[in-house]
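Everything on this sheet refers to the single structure shown next.
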Protein chains: 2
Amino acid sequence: MTDAQKTGDRQEPAAGTAAAGRPSRRSVLGWGGAGLALGAAAAGGTAAALRTGGDASPAAAAGDAVPFHGAHQAGISTPVQDRLHFAAFDVTTSDRAALVEVLKEWTAAAARMTAGHEIGEGAVPGNDELPPDDTGEALGLKPSRLTLTFGIGPGLFEKDGKDRFGLKDRRPKALIDLPVFPGDNLDAARSGGDLCVQACADDPQVAVHAIRNLARIGMGKVAIRWSQLGFGKTSSTTPDAQTPRNMMGFKDGTRNIAGTDTERLERHVWVGEKDGPDWMTGGSYLVARRIRMHIETWDRTSLAEQEDIFGRDKAEGAPVGKEREHDEPLLKAMKPDSHVRLAHPDSNNGATILRRGYSFTDGTDKLGRLDAGLFFIAYQKDVRDGFVPLQMNLARHDTLNEYIQHVGSAVFAVPPGVRDEDDWWGRALFA
Amino acid sequence: MTDAQKTGDRQEPAAGTAAAGRPSRRSVLGWGGAGLALGAAAAGGTAAALRTGGDASPAAAAGDAVPFHGAHQAGISTPVQDRLHFAAFDVTTSDRAALVEVLKEWTAAAARMTAGHEIGEGAVPGNDELPPDDTGEALGLKPSRLTLTFGIGPGLFEKDGKDRFGLKDRRPKALIDLPVFPGDNLDAARSGGDLCVQACADDPQVAVHAIRNLARIGMGKVAIRWSQLGFGKTSSTTPDAQTPRNMMGFKDGTRNIAGTDTERLERHVWVGEKDGPDWMTGGSYLVARRIRMHIETWDRTSLAEQEDIFGRDKAEGAPVGKEREHDEPLLKAMKPDSHVRLAHPDSNNGATILRRGYSFTDGTDKLGRLDAGLFFIAYQKDVRDGFVPLQMNLARHDTLNEYIQHVGSAVFAVPPGVRDEDDWWGRALFA
């Protein structure tokens, strides 16, 4: 290997040229989509692809990168990607400055990775006596619409009665400890977390790479508490696309909030100036629930019962008595304890959440049953007006409960978007 | 829902028409790729897409279905898909006829699913008082190049000294119990199995759906012993495509056997008539190893050391002293204990295997480390001339062993392909 080939990302010859020798992620991107991506970058404010000299070539901006900077974090109202790697972290340092340093480094790395670049000097740094800055398994892969969405759990503000980082007074009222719901069977090892990062991408290797590299950057200061891969999206935020099906075979998320529906987003998802605290304006609250499905039992249930339980038909997804999936549901036509009726805003004083869950299958349990289900993710302006009343209603009455069990749970405050290069995840909180 | 909408798959109106109402997997396929797929179907012998009246429309054959019938099973030399769900089964019945019935039903279901169809009467059968024949989560998804590859483990021939199904005398000599290799740390719960099915597809939901439905068909007679999802392919069988990277960031499978290289396939992969036994002619032997990578340790290793360990450079994948990935390796230029040198046929009396592994990440272990690595899959004509000498050499000498550990292991005889509609998985063995 020549020295030229080992040169770091930013000193590399013009991307996209074969002569560059080293196949960085951006050099494999074609020029075809450059105009589109530049447009998207401009729309998103200061796009990562435009930040440095080396990154300014059209090839670098090509394809399917989602802008990292903006008023809101990407990965909430932006179109849902195909795959998920979600990680919850414990903060293991008690040094506030060290934690802040991690958050700054994370933000810089996230900006690069979401734009399809290697982090730091890349997988092949100039000095080969050092470990590479980037682990390299995403080399040659496209940005794949990677989004990295950062959240802060209750434990960062207070844990075991201790104000660990002097943040206790800044804890949002909406960031409650979730109540215990009927039927919960939570595994502590798969619940909670001081911080979280939701990585979504169309290529799972890109999502896994991102979480792994963030964990590596934080080593000694933060540690992964639990993580979850999701192989198939359920709810989408693009209602014109085909609604995906969950592991029960039903379409899931038909009436989800659309990413383009600014009015519903403002009302139900984004924290407003009046909602407080200030550092959360433009942010949201995330609830994650690992919902195991007893799919072997479900699969022995008759079609009629399955459809009664949901309140929609299986093939088309039409509500009871209607013909098409997107027809307005007539709640009275459904059984009182059907899932769709119980979850409808009209049954919950208007409570509405943006869903962004993924199907998971984590091999097999000790009884030979697939460890499969839904990794449920919901965003909302206030957990107390969103997930909590909704889930309390479902947990008490839903006939679906015979076939599911909530086995993991976590809640996070998701700050607003990173505005520009000088901004970083959590800056307004620590300011 | 109207009766017309509930009609089973085979009685449905012309596929692809909006009037059909019910979105079967085939009705969403366009007509664009029909010619291509029909060509592929013809090349593969009696293709599933041509078997029934309802399935004969061009729309049904469109897109990306891999022919199920043929001299060899698909999923070995056919192009490697993006995702994996691999399942090992214990046979729980002692009734030979019941087992044969499962294999026949599995074969019929596999032919349908690989062609992109629902199984049986589909997810929405005419009689809604019965559980659906198909669990439905793949409704609306394309065939996604799904292949289902079936194998038979040693335990079917003999277990705990018992000849369970009168097959003991038919056990191939090449189907050995694998020896214990230095460094092995095998988890019995993730090893072995009487049967296996390797499901590969570009859409993981299609692969997961297939394994789940096969498990459901076999309920009470076979049970999943363990299963493994793989999110990213490593080795490919199409050398013109970009070589994928493993979780260590290195290209993996550069010199793999190409699916078009008939001569190497005949020499190293397919069991010939002279090799015996008769029922295995045209088959192969599969070794699966769950290889955990200590990626946190790897990530702290210098680039120079990483490249020395592999014997290739990280960015391009070129062998030591060469410029390009596909340049012929000069073994003497590599360190004696480098991975590529030790694994090369010249270091193992010509031993050559076809690799078809996948990267996995199964969340996090109790120490907060990613449970990640390589689910290694290899096919060969005879395990005693393929994986065994190769792995014995690697296990004894490879410097990579500091960073990996084999934690699961299984070996299976993979019979030849299913010839036509009357044939079924294992027929020649049970005849």
For A:GLN405, inter-copy label distances in nm, listed shortest first [label point 7 Å out on the Cα-Cβ vector]: 2.9
Per-residue HN-Hα couplings for segment A:347-358 [Karplus 6.51, -1.76, 1.60; θ = phi - 60°; Hz; x = Gly/Pro]: 8, 9, 6, x, 4, 9, 10, 9, 9, 8, x, 9
Tilt relative to chain A, helix A:96-114 - C-alpha long axis, 0 to 90 degrees, to 10: 90
Relative contact order (percent, whole number), chain B, Cα cutoff 8 Å, 6+ residue spacing: 21
In segment A:274-348, lysine pairs with alpha-carbon atoms under 29 angstrom apart (chain gap of 8 or more, or interchain): 5
Copies compared at B:ARG267 - label distances in nm, ascending, label defined 7 Å from Cα in the Cβ direction: 7.1
Under-5 Å amide H pairs with B:GLY232, H placed in peptide plane, nonlocal only: B:SER359
Loop trypsin sites (Lys or Arg not before Pro), segment A:341-431 (other Cβ atoms within 10 Å of the site Cβ: 11 or fewer; DSSP): A:LYS366
Helix B:204-217 axis, angle to chain B major axis (alpha carbon atoms, nearest 10°): 70
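Could you grab the relative contact order for segment B:153-196? Cα pairs under 8 Å, six or more apart, rounded to a whole percent.
Values: 30 pairs, mean separation 21.6, N = 44.
With pairs under 8 Å counted, the relative contact order is 49 percent.
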For segment A:92-160 versus segment B:342-364, the gap between their alpha-carbon centres in whole angstrom: 31
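Of the GluC sites (Glu not before Pro) in segment B:203-311, which ones lie in a loop per DSSP and count no more than 14 other C-beta atoms within 10 Å? Write down the numbers at each step before the final one.
Numbers: sites: B:GLU263, B:GLU266, B:GLU273, B:GLU296, B:GLU305, B:GLU307; in loops: B:GLU273.
The qualifying sites are B:GLU273.
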³J(HN,Hα), Karplus 6.51/-1.76/1.60, whole Hz, each residue of segment B:84-90, x for Gly, Pro: 9, 10, 10, 10, 10, 10, 8
P(r) histogram, all alpha-carbon pairs of segment A:108-153 included - 5 Å bins from 0, percent: 5, 22, 26, 21, 13, 9, 4, 1
Two-decimal Rg/Rh across the protein assembly as shown, once Rg and the Kirkwood Rh are taken from alpha-carbon atoms: 0.96
Spatial separation of Cα centroids for segment B:181-199 and segment B:280-316, in angstrom: 18
Helix axis angle, A:387-397 relative to chain A longest principal axis, alpha carbon, degrees: 40
Residue among B:ALA315, B:ALA109, B:ALA98 with the largest mean-square fluctuation in a Gaussian network model of chain B, springs linking Cα atoms under 10 Å: B:ALA315
Amide proton proximity set for A:GLY417, modelled H, under 5 Å, gap of 5+: A:HIS72, A:GLN73
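Using the Cα atoms of segment B:223-339 to build a convex hull, what is its mean projected area in square nanometres? Before the final figure, lay out the partial values.
On the way: hull surface 41.9 nm².
So the mean shadow area of the Cα hull is 10.5 nm².
Take every residue in peptide B:244-254, count the Cβ atoms of other chains within 10 Å of its Cβ, and give the average of those counts.
4
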Centroid-to-centroid separation of segment B:375-431 and segment A:417-431 [C-alpha atoms, Å]: 52
19 Å Cα-Cα reach of B:LYS162 towards aspartates and glutamates, excluding residues that sit fewer than 8 places from it in its own chain: B:ASP90, B:ASP95, B:ASP177, B:ASP194
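Counting each DSSP H run of 4 or more residues in the protein assembly as shown as -39500 (n - 2.57), what helix-only mean residue ellipticity at 222 nm follows after dividing by all residues, to the nearest 500 deg cm²/dmol?
Numbers: 22 runs with 180 residues, N = 862.
Value at 222 nm, helices only, nearest 500: -5500 deg cm²/dmol.
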Loop-located trypsin sites (Lys or Arg not before Pro) in segment A:168-248 whose Cβ has at most 15 other Cβ within 10 Å (DSSP): A:LYS173
Aspartates and glutamates with Cα under 14 Å of A:LYS381, excluding same-chain neighbours fewer than 8 positions away: A:GLU263, A:GLU266, A:GLU273, A:ASP275, A:ASP278
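Rg/Rh for chain B: what does it come to with C-alpha atoms and Rh from Kirkwood?
Details: Rg = 22.2 Å, Rh = 22.6 Å.
Using Cα coordinates only, the ratio equals 0.98.
Bear in mind these aren't lab numbers, they're just calculated from the coordinates by the rules spelled out. Just so it is clear, the model here is predicted, and its values are computed rather than measured. A quick note on method: Cβ atoms are made from the backbone with ideal geometry, for glycine too, and the neighbour counts reach across all protein chains shown.
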